[in-house]
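Before any comments, here is the structure.
Just so it is clear, none of the values below were taken in a lab; they were calculated from the coordinates. Remember, it's a predicted structure, so these values are computed and weren't measured experimentally. With ideal geometry, Cβ positions are generated from the backbone for all residues, glycine too; neighbour counts draw on all protein chains shown.
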Amino acid sequence: MTRQFDFLVIGSGIAGISFALKASRHGTVALLSKSSLDDTNTSYAQGGIAAVTYSPDSFEKHIADTIVAGDGHCDVAVVEKVITEAPQQIEELLNWGIDFDRDGDGKFDLHREGGHSEHRILHHKDNTGYEIQEALIRKLRTIPNIEIFENTFAIEIITQHHMGEVVTMHTPNIECYGAYVLDQRTNHIHTYLSKVTLLATGGIGGVYATTTNPDVATGDGIAMVHRARGVIKDMEFVQFHPTAFYNPGERPTFLITEAIRGYGAILRGQDGREFMQKYDDRGSLAPRDIVARAIDNEMKIKGHDFVYLDVTHKDAEETKDHFPNIYKKCLEHGIDITKDFIPVSPTQHYVCGGIVVDMNARTSINRLYAAGECSCTGLHGANRLASNSLIEAIVYADVAAKDAAKHIRDYSWNTQIPAWDDEGTKLPEEMVLITQSFREVEQIMSSYVGIVRSNLRLQRAMRRLEILFKETEDLFDRSVVSRELCELRNVISVAYLIIKHALRRKESRGLHYTVDYPKRANGSESNLSV
Ligand code: FAD
Ligand code: SIN
């Protein structure tokens, strides 16, 4: 079956839905989610959304903090754009019914997180993302010309390649005509034709053995663009959150928000001693790359699997009021955070790199836009400042919608697109092969491509991955398509890109730390030499 829409949106997180709401003023929209609408990284966001709200905060300070955290790798024009446009986008969220906590005087109660010089994080208790996701879904359901497709998996974006042309990364004017999409309820593959497509497919947590991301985060958009010969960059900058709740086997790992350190929580070793001052004057509130590496180092030196986060010195009632979900979750594991230390360890959390977009969210492929975590705008540089992700997603969804609206009349549907070709794919794939290969990718990446890297480890990871790549491509060519098999292909592509970009970077910068090049390329000491 072929369907036609003006706008095709792949992803139902903050980037996808906010784009869809705006694009729907200019045409018909299909919004796809491979799982349920609320199964997104967005739903899990805890700390909040960074924006300048009151003095003494200022755009200049937020810009400076973002650039310092990004370790000299941010695109300054993008930083200025996102931060100055943030307050207007916060207004938009408020208009859509999103509720941020306020103090007794009705002013926003602003949190502070690592790397921020001011309190500037708007939040809804410690489940900001859930509040945003639910409000966006409520709004979405009121718009008649948005058609929602849940449990609908985008397999490939459609380009000239699918019309028999040879497409390479040097092909000028690669065009996106829509996507091939698997309806997971019927197992049929449909053609969705669009004039404009937005990728808003989120993160890559599925590549690692432990992650704060839900299972949907398998880097599909990045992998699809890579296969379509679009431009991807900065994949070596994988962010590990310093303080995930230590509970082996739990997936996704439960996050202990950085806002709790902004509130006063202190990192301690298992001996109860503070250690962060050894690494950075900002102590427990240093940027994330530094804190994660410091914890990793402490754990390696002592042979421990976790360190502690201590919030016991704060007022118990206030702690429970600010962090009700963390309090409840820890209590379920026998830890009363008002009395006991919380065991934490670093866990994969975010990817700063992704599909390269310009200041209008346009990718290197015509008629294809990207926003949110799957994109690389240049805002985060080599290390994302906490709570700058939700704001980036909504600012870029906005510019994408504006730019797409300007051009939508110039495009028409390409009705020559053939149906998905499943000629010769008769074997139902063996699930055990897929799940085992998935585990192998996770193990390779967590063992060799983690917080501290080396050439030797990266090269070994690449060799192991090549075997999995060949086996999986062979399986894909012979098997009936399934979501699981497609996701496996995608995590392999994403893992390949991370390793390739990491091998290319002959320095330590931001989230990429390698023992072979412990300094920055200009010879200066990297943020933390361990
Ligand atoms: P997502 O919200 O992840 O949505 C991705 C969507 O794409 C989903 O609907 C999924 O089904 C769909 N999709 C993916 N592939 C396909 C496919 N092949 N076919 C169809 N659909 C597909 N950031 C902050 O700024 N502040 C925070 O406090 C914060 N806390 C966080 C806490 C946690 C635990 C986590 C995991 C992240 C946190 N982040 C935070 C990061 C932030 O939540 C994400 O970067 C952001 O929500 C990503 O939004 P998105 O719209 O790009 O993607
Ligand atoms: C957190 O609440 O610590 C996560 C914030 C973020 O990832 O931006």
In whole angstrom, the spacing between the Cα centers of region 88-131 and region 335-397 equals 18
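Scale the Cα Rg of region 365-458 by the rule-of-thumb value 2.2 N^0.38 Å and send over the ratio, two decimals.
On the way: Rg = 20.6 Å, N = 94, 2.2 N^0.38 = 12.4 Å.
That works out to 1.66 for region 365-458.
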Both in Å, the radius of gyration and Dmax of the C-alpha trace of region 175-314 are 20.3, 60
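Which value, in nm² and rounded to one decimal, describes the direction-averaged projected area of the C-alpha convex hull of region 25-140? If you can, show how the numbers build up before the last one.
Numbers: hull surface 36.1 nm².
With every direction weighted equally, the projected area is 9.0 nm².
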The ³J(HN,Hα) series, computed from each phi in region 166-171 with the Karplus coefficients 6.51, -1.76 and 1.60 at θ = phi - 60°, rounded to the nearest Hz and given as x for glycine or proline, is 7, 10, 10, 5, 9, 5
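Please identify the DSSP H helices in the chain that span no less than 24 Å along the helix axis (Cα) and have a mean Kyte-Doolittle hydropathy of 1.0 or more.
Taking the DSSP H segments of the chain (at least 24 Å long, mean hydropathy at least 1.0), we get none.
If we sort 184-194, 411-421 on the protection proxy, mean other Cβ atoms within 10 Å, highest first, what's the order?
On the way: 184-194: 16.9, 411-421: 13.2.
Sorting 184-194, 411-421 by mean packing, highest first, produces 184-194, 411-421.
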The Kirkwood hydrodynamic radius of the chain, taken as the inverse of the mean 1/r over all distinct Cα pairs, in Å, comes to 23.4
Given 102-115, 367-380, the highest-first ranking by average Cβ count within 10 Å works out to 367-380, 102-115
Karplus-derived 3J(HN,Hα) from phi for region 146-156 (6.51 cos²θ - 1.76 cosθ + 1.60, θ = phi - 60°), whole Hz, x at Gly and Pro, runs 10, 9, 9, 10, 8, 6, 10, 9, 6, 8, 8
Computed from the beta carbon distance with a Förster radius of 30 Å, FRET efficiency for LYS402 and ASN151 to the nearest 0.05 stands at 0.45
Between the residues VAL78, LEU458, ALA371, the Cα farthest towards the positive end of the dipole of the chain, that dipole coming from +1 and -1 charges on the beta-carbon of Lys, Arg, Asp and Glu, is from LEU458
So, relative contact order of the chain in percent, Cα under 8 Å, 6 or more apart, is 21
Sorted by chain and number, the residues with a modelled amide H under 5 Å from that of ASN213, at a separation of 5 or more or across chains, are THR253
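How many percent of DSSP beta bridges within the chain run antiparallel, rounded to 5? Walk me through the numbers on the way to the answer.
Details: 35 of 61 bridges.
Roughly 55 percent of the beta bridges in the chain run antiparallel, per DSSP.
So how much slack lies between ASP105 and THR312, counting 0.36 nm per residue of separation and subtracting their Cα-Cα distance, in nm? Before the final figure, lay out each step's value.
Numbers: separation 207, 0.36 × 207 = 74.52 nm, distance 2.77 nm.
Working it through step by step, the gained length comes to 71.7 nm.
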Per the rule of 0.36 nm per residue minus the C-alpha distance, extending TYR411 to LEU503 adds in nm 29.1 nm
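Taking the Kirkwood radius as the inverse of the mean 1/r across Cα pairs, report the Rg/Rh of region 211-260. All intermediate terms of the calculation are to be shown ahead of the outcome.
On the way: Rg = 14.3 Å, Rh = 13.1 Å.
Here Rg/Rh amounts to 1.09.
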